[in-house]
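The values are calculated or read from the model by the stated rules, or taken from the named source; none is laboratory data. A quick note: this is a predicted structure, and the numbers were derived from the prediction, not measured. When we count neighbours, we look across all protein chains shown, and the Cβ atoms used for this are built from the backbone with ideal geometry, even at glycine.
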Amino acid sequence: MRGRVLVAELKRVIRNFVKKNIFKVVISITLFLVSAFISVLPAKVYAHIINQGFMKSNLKIVQISCGLLIGIYIARALFSYLSNNYLIVLGNELVASVKETIYERLFTLDLNFYAEKEIGYLNTRVEEISKLDAIFSNVSISFLASVLECLFTIYIISTISIKFLIILLIPIPLLVFVSYRVSKLMAESFNKTFESGAHYSGKISESLRGIENIKSLGLEEHEKRKISNYNKQTLENIKSQAKGINKFGSGMNVVGSIISVFIYLIGGVLIVRNNLSIGSFIAVSMYAGKLYSPFLGYVGTYIILAPALVSLKRVAELFFDDAPCEISKEKYYQLSEIHTIEFKDISISYKDKEVLSNLSLKINKGDKIQIFGKNGSGKSSLIKVLLKVIRPSKGRVFINDIDYELISKETILRHVSYVPQKIFIFNSGVIQNINYGIKEYSKEKLLMLLEGLGLTELIERLEKSGDSKVGENGFKLSGGEIQKIAIARALLQDKDIFIFDEATNNLDRKSIEFLKDYIMRSNKTWILVDHQNDFTQLGFRTIDLDSYQSFKGDKIPL
């Protein structure tokens, strides 16, 4: 079942790509076949020159045949050039389409997928996609040409000497078996190298993200040792891979040399017994190179292609497993507004740990709810279920009495302003972070939010420092300033529902009072996860997830 989605998506991408470029595809394949056929003709002409020209002292045949050879070589170069151009351009465009499909997939994966893997690890795995370009490189095209030339060669040698052809075919099964076995070992080696490299990158990224804590705790040496161990493991895998490639290459070179001796031995026997002319032997010996080319040249080709093939398999296994995700293009219900949200017997699990069990809750338009609960009680998880960031392990969610599986995440988010517990800030200006992705908004309202949340002073401070950017992920800002930017962005959008997940913990008193005043004057639906501030005086219904009871003594309404 692994990679089923990938196969389906790749089929769709390739089918659409071929339809769009059908003329180029037909032309490129035709040129490719003609080029492969022309490349096997010279040996036949050389045999004719020797047998009919040299052996019979016919200068005219030699001259005509040499002229024909020049024409063949020019034609082969022309068709090969045109074929390669078409195939390389088409190949690169197709790879770009496949990459786009993979990147689209990344944004549809359930959040649990990202929770279990380091960002640095995922970044490295995504970069493996670039190795797919090698599939359409000159090396791969040349290998395909050698396969076709091999087939043409078998036919041509059969017209010269069936006996010689049968003898020449004897080593091929052994070469196929050896190539197959070695390719499997090399694929495992490449996979091991890729995986250790990804983990190495993941640990470096993790350490850099936590550099402040590492320095404050004096753990620099500990981190250095940890990363050094990953580096050593990666280096060992690379060495092992390089040694395997060298061993395979050296072995195939020896085999190629032995086969050359074998050809001369068999050819000599046939010539001595008058079963083969010298010209025919020279032609066959030239063709023999093309007969064995796909097998003897396999090592060089596989070294180039193996990383691409292995990376394609790894991409399929990691990003296109059968985990649930929203990639279906079916038509969803469209909502003009959200009147009700209802959770029915919702349970949420991470791997084998259940964080929320059999919760039922109904929220009506205009409701104001403050959610409490101890750490790990499922507060944030409940919100993530509503936003379709994660899926419940059990139970159903209804929006306007419609199963929310029939409503796209994009449709839900059009009606929700959400401030997550973990806020990401871009390395740009304060205002650029606030209006990021918002096409239309009131400038007067933006100025009001900047003033009310105390962000005007922050902007002035950054401008005086000579750089108005906030630093990577808000490095120059305090936790409260980051929260203010996220809250300003949510309020600027003015949607139907506001959801704040621990978004006010670090706010100063002035900002809290501004937010409370804003909520008091609002008729929107508000859902707040907050332990430090009391919003009950604003009409909030408080919910304790530890007991599923309201602090007012009411059962959570169904």
With (1) modelled with pLDDT of 90 or more; (2) crowded, with 16+ Cβ neighbours inside 10 Å as the list, and residue 510 as the residue in question, which single condition is left unmet? (2)
Can you go through 256, 249 and tell me which one is within 20 Å of residue 291 (Cα to Cα) and under 36 Å from the mean Cα position of the chain (by Cα)? 249
Before we move on, is residue 97 among the hydroxyl-bearing types (Ser, Thr, Tyr), within 34 Å of the chain's Cα centre (by Cα) and within 26 Å of residue 288 (Cβ to Cβ)? no
Is the stretch 34-45 home to any residue that is part of a helix (DSSP H, G or I) and over 17 Å from residue 153 (Cα atoms)? no
Against the condition over 29 Å from residue 409 (Cβ atoms), at pLDDT 70 or above and assigned to a helix (DSSP H, G or I), how does residue 157 come out, does it pass? yes
Please go through the stretch 225-255 and give me each residue that is of a type in the set (A, V, I, L, M, F, W, C) and in contact (Cβ under 8 Å) with a residue 24 or more places away in the chain, ordered by number. 227, 238, 245, 248, 252, 255
Which residue out of 20, 44 is touching a residue at least 60 places away in the same chain (Cβ under 8 Å) and of a type in the set (Lys, Arg)? 44
Is it the case that the stretch 54-62 has a residue that's modelled with pLDDT under 85 and surrounded by 14 or more Cβ atoms within 10 Å (Cβ to Cβ)? yes
Need the failing condition index for residue 184 against (1) crowded, with 18+ Cβ neighbours inside 10 Å; (2) under 28 Å from the mean Cα position of the chain (by Cα), just the number. (1)
Quick check on the stretch 18-35. Is at least one of its residues modelled with pLDDT of 80 or more, among the hydroxyl-bearing types (Ser, Thr, Tyr), crowded, with 17+ Cβ neighbours inside 10 Å and out of contact with any Ser or Thr (no Cβ under 6 Å at 6 or more places or on another chain)? no
Within the stretch 344-397, residues under 21 Å from residue 497 (Cα atoms), part of a strand (DSSP E or B) and within 33 Å of the chain's Cα centre (by Cα) come out as 346, 396, 397
